[in-house]
Amino acid sequence: MSMIRSSLSIALAAVLLSSGAAYAGYNKPAAASAPASETAAAPQTIVDVAVSNSSFETLVAALKAADLVETLSGEGPFTVFAPTDEAFAALPAGTLEKLLDPANKETLVQILTYHN
């Protein structure tokens with residue numbers, strides 16, 4: 001398992017550094033002082049943003065596989081380096097499939113929360 005974790009972490013890190021990784025920071029704003037009827041729509045969570053952008057379908061699948069959707073939908077602050085589908089596609093063949101395999105959930109969680 002350690003060998004898989006190391007090789008997957010290195011492969012994912014290399015891809016993130018060399019291709020389309022987007023940065024998203026989320027800080028939940030303080031409660032608004034204006035009445036609810038005058039305030040803007042509630043801010044989106046990192047998960048909301050990822051789901052609404054077709055460039056992050058693989059990231060959303062990974063967040064679901066790692067059971068991190070609820071965590072990242074909660075109160076922040078969070079900083080996320082979000083690999084695009086293009087970045088995930090640049091991983092060596094079979095890497096993504098291994099990461100998304102339920103048997104490797106712990107490894108996937110460690111990779112996705114590396115900077116936590």
_Which numbered condition Ile46 misses (of (1) at positive phi; (2) crowded, with 17+ Cβ neighbours inside 10 Å)_ = (1)
*May I ask you to list the residues in the stretch 44-64 that are in contact with a strand residue (DSSP E or B) (Cβ under 7 Å, 6 or more places away or on another chain) and either within 15 Å of Glu106 (Cα to Cα) or in a helix (DSSP H, G or I) (or both)?*
Ile46, Val49, Ala50, Phe56, Leu59
_Given the options Ala103, Ala87, name the one that is in a helix (DSSP H, G or I) and under 22 Å from Gln44 (Cβ atoms)._
Ala87
*Test each condition in (1) modelled with pLDDT under 90; (2) part of a loop (DSSP other than H, G, I, E, B) for Asp67 and report the one that comes out false.*
(1)
_Just checking, does the stretch 85-108 include any residue being crowded, with 18+ Cβ neighbours inside 10 Å and within 10 Å of the chain's Cα centre (by Cα)?_
no
_Residues that are modelled with pLDDT under 50, touching a Pro at 6+ places or on another chain (Cβ under 9 Å) and either over 22 Å from Gln110 (Cβ atoms) or loosely packed, with under 13 Cβ neighbours inside 10 Å (or both): does the stretch 6-17 have at least one?_
no
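The values are calculated or read from the model by the stated rules, or taken from the named source; none is laboratory data. Remember, it's a predicted structure, so these values are computed and weren't measured experimentally. Ideal geometry is used to build each Cβ from the backbone, glycine not excepted, and the neighbour counts take in all protein chains shown.
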